Amino acid sequence: MRITHLAFISLLFIAQSCKKLDETNPEAVVTKYMELRIKQDFKAAYDLISTDSKKFATLNEYTKYFEIPDSVKPQGRLIKSILPVDENISSPSYKRFKVNGVQISHDGDSINYLTYFTLKNEDGNWRIVWNSIITQMANLSFNKGDY
């Protein structure tokens, strides 16, 4: 009985370690970040953005950025590919990825999308550089004619 109990605990530990994100692998970080965004697990996605990005957006601001009405929310999303963009030899602590995907609307239309992500190496772990709040504020100012 004790051996079976020990074996069960060992299997749980192995299963947990297999699911653990390899934060030293930038492609794995982008993949996980996209999966979390698709699942709308914004708290976990926020944990994957860079320290500098967190200076510009709190968790609440980050979550609010992605709030959209149910009538506009896609019914589903699918990642087709995640490809590295040419490396910048002068900045090895940054990597860029191109994400191709499909978004399915409520009426069944599919929309192809293309997104680029920049990652920053922070103490050996890769993090998403997220600046959408700054971009959003700049767009609002521009649209108001406030250059």
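The values are calculated or read from the model by the stated rules, or taken from the named source; none is laboratory data. Model, not experiment: these values are computed from the prediction. Methodologically, a virtual Cβ is constructed for each residue, glycine included, from the backbone with ideal geometry; neighbour enumeration extends over all protein chains shown. Areas reflect the complete protein model, heavy atoms only, side chains present, ligands, DNA and RNA absent. Shrake-Rupley method; radii C 1.70, N 1.55, O 1.52, S 1.80 Å.
Suppose we keep only residues that are of a type in the set (A, V, I, L, M, F, W, C) and open to solvent by 40 Å² or more (accessible area, probe 1.4 Å) within region 124-140. Which one would you say is nearest to residue 98 (Cα to Cα)? Can you show your working first?
Here is the first cut: in region 124-140, the ones of a type in the set (A, V, I, L, M, F, W, C) are 126, 128-130, 133-134, 137-138, 140.
From what's left, open to solvent by 40 Å² or more (accessible area, probe 1.4 Å): 129, 134, 137-138, 140.
On the way: 129: 14, 134: 21, 137: 24, 138: 23, 140: 26 Å.
Residue satisfying both the conditions and the ranking: 129.
Before we move on, is residue 44 at negative phi, open to solvent by less than 60 Å² (accessible area, probe 1.4 Å) and free of Cβ contacts under 8 Å to residues at least 12 places away in the same chain?
Numbers: at negative phi: yes; open to solvent by less than 60 Å² (accessible area, probe 1.4 Å): yes; free of Cβ contacts under 8 Å to residues at least 12 places away in the same chain: yes.
The answer is yes for residue 44.
For the structure I just gave you, tell me whether residue 111 is open to solvent by less than 80 Å² (accessible area, probe 1.4 Å) and either under 20 Å from residue 34 (Cα atoms) or touching an Asp or Glu at 6+ places or on another chain (Cβ under 9 Å) (or both). If you could, list the steps in order and put the result at the bottom.
Values: open to solvent by less than 80 Å² (accessible area, probe 1.4 Å): no; either under 20 Å from residue 34 (Cα atoms) or touching an Asp or Glu at 6+ places or on another chain (Cβ under 9 Å) (or both): yes.
It is false that residue 111 is open to solvent by less than 80 Å² (accessible area, probe 1.4 Å) and either under 20 Å from residue 34 (Cα atoms) or touching an Asp or Glu at 6+ places or on another chain (Cβ under 9 Å) (or both).
I want to confirm something. Restricting to region 22-51 and keeping residues that are among the polar types (S, T, N, Q) and either more than 20 Å from residue 121 (Cβ to Cβ) or not in a helix (DSSP H, G or I) (or both), which single residue is modelled with the lowest pLDDT?
Within region 22-51, the subset among the polar types (S, T, N, Q) is 24-25, 31, 40, 50-51.
Filter once more, keeping what is either more than 20 Å from residue 121 (Cβ to Cβ) or not in a helix (DSSP H, G or I) (or both): 24-25, 40, 50.
Numbers: 24: 95, 25: 96, 40: 90, 50: 95.
If we take residues in region 22-51 being among the polar types (S, T, N, Q) and either more than 20 Å from residue 121 (Cβ to Cβ) or not in a helix (DSSP H, G or I) (or both), then 40 is modelled with the lowest pLDDT.
From 56, 8, 13, grab the single residue that is under 22 Å from residue 135 (Cβ atoms), over 16 Å from the mean Cα position of the chain (by Cα) and modelled with pLDDT under 95. It would help to see each step written out before you state the result.
Working: 8 fails: under 22 Å from residue 135 (Cβ atoms); 13 fails: under 22 Å from residue 135 (Cβ atoms).
Result: 56 is the single residue among 56, 8, 13 that is under 22 Å from residue 135 (Cβ atoms), over 16 Å from the mean Cα position of the chain (by Cα) and modelled with pLDDT under 95.
Which condition number in (1) assigned to a loop (DSSP other than H, G, I, E, B); (2) of a type in the set (Lys, Arg); (3) under 12 Å from the mean Cα position of the chain (by Cα) is the one that residue 127 fails?
(1)
Restricting attention to region 52-70, does a residue exist that is out of contact with any helix residue (DSSP H, G or I) (no Cβ under 7 Å at 6 or more places or on another chain), hydroxyl-bearing (Ser, Thr, Tyr), open to solvent by 80 Å² or more (accessible area, probe 1.4 Å) and not in a helix (DSSP H, G or I)?
Within region 52-70, the subset out of contact with any helix residue (DSSP H, G or I) (no Cβ under 7 Å at 6 or more places or on another chain) is 52-55, 58, 60, 64, 67-70.
Restricting the remaining residues to those that are hydroxyl-bearing (Ser, Thr, Tyr) gives 53, 58.
Filter once more, keeping what is open to solvent by 80 Å² or more (accessible area, probe 1.4 Å): none.
Taking every residue of region 52-70 in turn, none turns out to be out of contact with any helix residue (DSSP H, G or I) (no Cβ under 7 Å at 6 or more places or on another chain), hydroxyl-bearing (Ser, Thr, Tyr), open to solvent by 80 Å² or more (accessible area, probe 1.4 Å) and not in a helix (DSSP H, G or I).
Here are the criteria: (1) closer than 17 Å to residue 45 by Cβ; (2) surrounded by 11 or more Cβ atoms within 10 Å (Cβ to Cβ). Tell me which single one residue 121 does not satisfy.
Looking at each condition in turn, residue 121 falls short on (1).
Scan region 78-107 for residues that are open to solvent by less than 50 Å² (accessible area, probe 1.4 Å), more than 21 Å from residue 50 (Cβ to Cβ) and in a loop (DSSP other than H, G, I, E, B) and report the count.
1
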